[in-house]
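The block underneath contains the structure these notes are about, expressed in structure tokens.
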Amino acid sequence: MWRILLLGIGMLAIILFGFSLIDNTTDGDVGATALLVDSNMDISGFERAIEPWAWQFPRDYGAHPEFQTEWWYYTGNVATEDGQRFGYQFTIFRRAILPNMEASDSEWRSDQIYLAHFTVSDITGEQFYQAERFSREGAGLAGATADPRYRVWLEDWQVIALNDDATLTQITADAGEFAVMMNLQQVKPPALQGDNGLSAKSETPGNASYYYSLSRLLTEGTIRVGAETFTISGTTWMDHEFSTSALDTDAQGWDWFGLILDNNAELMLGQIRLSEGGTPYFGGLFVREDGSTVYLDAKTFTITSTGTWTSPHSGAVYPSGWEITVNVPDGETLRLTLTPLLPDQELYTGVTAYWEGAVQITGDVTGYGYAELTGYASAMSGRF
């Protein structure tokens, strides 16, 4: 998706208030140095998303540390045989705190920090579960690689390839109160967003990301809630995006929708809301049954909210329910209605607040998907 580059306020708390880079000294003692980096840090040493990317898979499933920010994002709608329904989100973010770091003999020293967000929506039980973790890349605590196989992890939360081309992967995450273990099978090639994967977020060159989606991953496994474990199946959407300073200074936030349709097509729609009003960016993608794609300019679709929901946690007022009309170029017009499967699917940690939840699709085509809503609790401008 144009995924929540929400290394969010939670990640910024580490960046703004300090992250220890630990070195082993020659006498065996351990010292710590706080590295303070503000949101106006110099990004001149990082690469920018300017020209279309020369994609190579499975290489590009891994990390791109020459860019400041990156994330691997999975959202799925699954159910048991008897119809108990769940949604889940599993996302790992990478943030570089320096474009180039001095060499060190310490395995603990790192210029990369990682954040993971993990949620489960128990639709039948009407409960939303959430957890997050932070770590550094040093000492193997977190990381992302495609060599010898794709793997992205933060401690024992991970996505790992089960074959060499990474068309079969596994997610495992245990947050104590809830957990998942799911196998994901890729059935369509990577769908490149924007211009061959270059997804512009404003008219300013470089305010863009490199972005692809795996729009339909067949999903089987288990979800545990409390002491009860459920065998589930369904579908998952995956986004991978990397960039440096993707958002312009007037960006308030974004609305993103990843929709998996029952006719074996998929649809991504995204819009960036500006602080002074208006939604001129950024666009979408229609993925046909055969995996071929059609770019959707922002002018080809409309997104109209049908209601609101006020968070009892953050106080933010979010749209809740949407009517969407999409004029697919050289195709049909789709009229869809999206309904949240739970009103409260806000990930709120006290400093981080965004709504990320499972939705049901009705209208010309049925299905399930996920919506992501940011910038309603506080503006995202200047952060990414």
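With respect to (1) without any contact (Cβ under 8 Å) to a residue 40 or more places away in the chain; (2) closer than 16 Å to THR293 by Cα; (3) surrounded by fewer than 21 Cβ atoms within 10 Å (Cβ to Cβ), the lone exception for LEU218 is condition (2).
Only residues that are within 23 Å of PHE134 (Cβ to Cβ) and at pLDDT below 95 were counted across the stretch 355-378, and they come to 4.
Name the pairs: first residue in the stretch 334-350 and over 16 Å from ILE123 (Cβ atoms) and at pLDDT below 95, second residue in a loop (DSSP other than H, G, I, E, B) and of a type in the set (Ser, Thr, Tyr), Cβ to Cβ under 6 Å, at least 6 apart or on different chains? Taking only residues 6 or more apart or on different chains, the pairs are TYR348/SER314.
When the stretch 200-212 is filtered for residues that are out of contact with any His (no Cβ under 9 Å at 6 or more places or on another chain) and either at pLDDT 95 or above or in a loop (DSSP other than H, G, I, E, B) (or both), the ones remaining, listed by number, are LYS201, SER202, GLU203, THR204, PRO205, ASN207.
Reported count of residues in the stretch 320-342, each being assigned to a loop (DSSP other than H, G, I, E, B) and within 17 Å of THR75 (Cα to Cα), is 2.
Yes or no: SER121 touching a strand residue (DSSP E or B) at 6+ places or on another chain (Cβ under 6 Å) and modelled with pLDDT of 95 or more? Spelling it out, SER121 is indeed touching a strand residue (DSSP E or B) at 6+ places or on another chain (Cβ under 6 Å) and modelled with pLDDT of 95 or more. Residues of the stretch 168-199 that are modelled with pLDDT of 95 or more, under 17 Å from ALA63 (Cα atoms) and not in a strand (DSSP E or B): PRO190 alone. For the criterion of being on the phi > 0 side of the Ramachandran plot, of a type outside the set (A, V, I, L, M, F, W, C) and at pLDDT 95 or above, GLY226 passes.
Filtering the stretch 73-85 for residues that are modelled with pLDDT under 95 and either of a type in the set (Phe, Trp, Tyr) or not in a strand (DSSP E or B) (or both) leaves an empty set. Sub-9 Å Cβ pairs linking a first residue in the stretch 186-205 that is touching a residue at least 24 places away in the same chain (Cβ under 8 Å) and within 12 Å of TRP55 (Cβ to Cβ) to a second residue that is part of a strand (DSSP E or B) and β-branched (Val, Ile, Thr), at least 6 apart or interchain, are ALA191/VAL287; ALA191/THR293; LEU192/THR293; GLN193/THR293, ordered by first then second residue.
The values are calculated or read from the model by the stated rules, or taken from the named source; none is laboratory data. No experiment lies behind these values; they were computed from the predicted model shown. Every residue, glycine among them, receives a Cβ derived from its backbone with ideal geometry; neighbour counts consider all protein chains shown.
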